[in-house]
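What follows is one structure encoded as structure tokens, with my remarks underneath.
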Amino acid sequence: EELTIIRKFEHIEHCLKKQVEAHVSTQFENIHFVHKSLPEIDKDEIDLSVEFLGRKFDYPIMIAGMTGGTKGSQIAGKINKTLAKAAQELNIPMGVGSQRAMIRNPETWESYYVRDVAPDVFLVGNLGAPQFAETMPNRYGVEEALKAVETIQADALAIHMNPLQESVQPEGDTQYRGVLKALAELKNELPYPIIAKETGAGVSMEVAIRLESIGIDAIDVGGLGGTSWSGVEYYRAKDERSKNLALKFWDWGIPTALSVAEVRYATGLPIIATGGIRDGIMIAKALALGANLAGVALPLLKPAVKGDVEGVIKILQRYIDELRNAMFLVGARNLEELRKVPLVVTGFAREWLEQRIDLAEFLRERRRK
Ligand code: FNR
């Protein structure tokens, strides 16, 4: 159990000090808006509010889960409370990091607990999919899921899917057999919404269709182009062989923009577009492709470890300014209208999507099915 905690902090340290992002892009650069010289709206009338899982937020941005698992107000607790204060101030949702450490060491619960500083935030708990696998010793079930949600008074539970990270980690949990069935059972028993969340390798439409079929409430595509968990594991790897494997898979996955398009094309599920979101134009493109929220992790880590709430808000405020500006320039007064503006898809994104979906139809009818 000590191992889980130490691992977690190595991750944070590498994310703060090393280049851990993908060397390939999210593909948002291949998604283009068509500039509108006559927007026919006032910039001031733009409404950025959004509904998601029955709640209304002021902005379509989510602080993606990163950490937890230390005692009291040590590093993880400080990060979560800082992020939570920013989320409370902006009225946007946030997630905590994997609560596996808390299930094993219940005394670490406070590092995930933010209700004291964020009474109203839509809070998402977090557990890992492999923990629910058929072949996992002491596999998790509804009991652990309830504990994760209720100990921190969360509103929903994210189940993270991270086969890439686990597969390049010498001590990785590469049991994934029976996870879909376990999630279907969990969905029947847990009285909270469940978000299936990738962590940097993207969700394909085939996986999204299966998740929708078992009643999962939303998908966080966690696509390629931002933090690479294979990249993080590369720095943690102790020997040549592990280093090689992590390096080879550094850029593995489905780029975020393409994952959003696939999932929106194939399902009606609410989508969170996370993975390499680094400005408000990317957020606008993700929403135009059909995402309901855009999620951000790595850029917020630096101010959060310092307890710098204003620093977190400043980054998010910049994204919000850019999003609003992009919406003005395409004449979209709200997210509904943003979903209908014309988009042009070029290069690699076009090649990919033409082989995966009916791109012409998708570009005409991007609305939720
Ligand atoms: C993460 N992420 C993550 N996701 C998850 O479901 N459970 C977790 O415990 C963590 N832990 C974690 C720690 C740190 C330091 C980072 C940066 C990220 C993944 C995160 O939620 C997100 O999906 C990816 O990081 C992609 O977004 P960015 O970082 O490219 O904006």
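General observations
- Any chance residue 176 is in contact with a strand residue (DSSP E or B) (Cβ under 9 Å, 6 or more places away or on another chain), of a type in the set (Ser, Thr, Tyr) and over 25 Å from residue 113 (Cα atoms): yes
- Conditions (1) surrounded by 12 or more Cβ atoms within 10 Å (Cβ to Cβ); (2) closer than 26 Å to residue 289 by Cβ: number failed by residue 56: (1)
- Highlighted here are the helices (runs of 4 or more DSSP H) found entirely within segment 298-369 that include at least 2 residues which are on the phi < 0 side of the Ramachandran plot, in contact (Cβ under 8 Å) with a residue 40 or more places away in the chain and among the aliphatic types (A, V, I, L, M): 298-305, 309-329, 335-338, 347-356.
- Options 284, 291, 246: the member that is assigned to a loop (DSSP other than H, G, I, E, B) and not charged (D, E, K, R): 291
- Residue in segment 46-57 that is within 16 Å of the ligand (Cβ to nearest atom) and farther than 20 Å from residue 220 by Cα present: no
- Only one of the listed residues (196, 201) is under 18 Å from residue 257 (Cα atoms), within 15 Å of the ligand (Cβ to nearest atom) and assigned to a loop (DSSP other than H, G, I, E, B). That residue is 201.
- Residue ID - modelled with the lowest pLDDT, chosen from residues in segment 124-162 that are among the acidic types (Asp, Glu) and farther than 21 Å from residue 84 by Cβ: 134
Okay, residues lined up against (1) over 21 Å from residue 57 (Cα atoms); (2) crowded, with 19+ Cβ neighbours inside 10 Å; (3) in contact with a helix residue (DSSP H, G or I) (Cβ under 9 Å, 6 or more places away or on another chain); (4) modelled with pLDDT under 95:
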site: 290; (1), (2), (3), (4): no, yes, yes, no
site: 308; (1), (2), (3), (4): yes, no, yes, no
site: 311; (1), (2), (3), (4): no, no, yes, no
site: 314; (1), (2), (3), (4): no, no, yes, no
site: 318; (1), (2), (3), (4): no, no, yes, no
site: 322; (1), (2), (3), (4): no, no, yes, no
site: 332; (1), (2), (3), (4): no, yes, yes, no
site: 342; (1), (2), (3), (4): yes, no, yes, no
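- If the condition is being aromatic (Phe, Trp, Tyr) and surrounded by 18 or more Cβ atoms within 10 Å (Cβ to Cβ), then segment 229-255 contributes 229, 234, 249, 250, 252.
- Among residues of segment 141-166 being touching a helix residue (DSSP H, G or I) at 6+ places or on another chain (Cβ under 8 Å) and of a type in the set (S, T, N, Q), the one that is nearest to the ligand (Cβ to nearest atom) is 162.
- Within segment 82-131, restricting attention to residues that are among the basic types (Lys, Arg) and touching a residue at least 40 places away in the same chain (Cβ under 8 Å), the residue that is farthest from residue 157 (Cα to Cα) is 85.
- Selection of segment 274-297 for residues being near the ligand (Cβ under 10 Å from one of its atoms) and either at positive phi or hydrophobic (A, V, I, L, M, F, W, C) (or both) yields 275, 276, 277, 294, 296, 297.
- Sole exception among (1) within 21 Å of residue 64 (Cα to Cα); (2) within 16 Å of the ligand (Cβ to nearest atom) for residue 119, by number: (2)
- The condition (being more than 26 Å from residue 268 (Cβ to Cβ) and among the hydroxyl-bearing types (Ser, Thr, Tyr)) is satisfied by just one residue among 234, 192: 234.
- In a residue-by-residue description of segment 1-20, the property of being more than 30 Å from residue 287 (Cα to Cα), of a type in the set (Ser, Thr, Tyr) and within 12 Å of the ligand (Cβ to nearest atom) applies to at least one position.
- When residue 109 is tested against (1) part of a helix (DSSP H, G or I); (2) buried (at least 22 other Cβ atoms within 10 Å of the Cβ), just one condition goes unmet, and that condition is (2).
- Criterion: touching a Gly at 6+ places or on another chain (Cβ under 8 Å), under 19 Å from residue 366 (Cβ atoms) and either within 9 Å of the ligand (Cβ to nearest atom) or in contact (Cβ under 8 Å) with a residue 24 or more places away in the chain (or both) - qualifying residue of 219, 271: 271
The values are calculated or read from the model by the stated rules, or taken from the named source; none is laboratory data. Fair warning: this is a prediction, and the values are worked out from it, not measured in the lab. Neighbour counts are summed over all protein chains in view; Cβ atoms, including those assigned to glycine, are modelled from backbone coordinates with ideal geometry.
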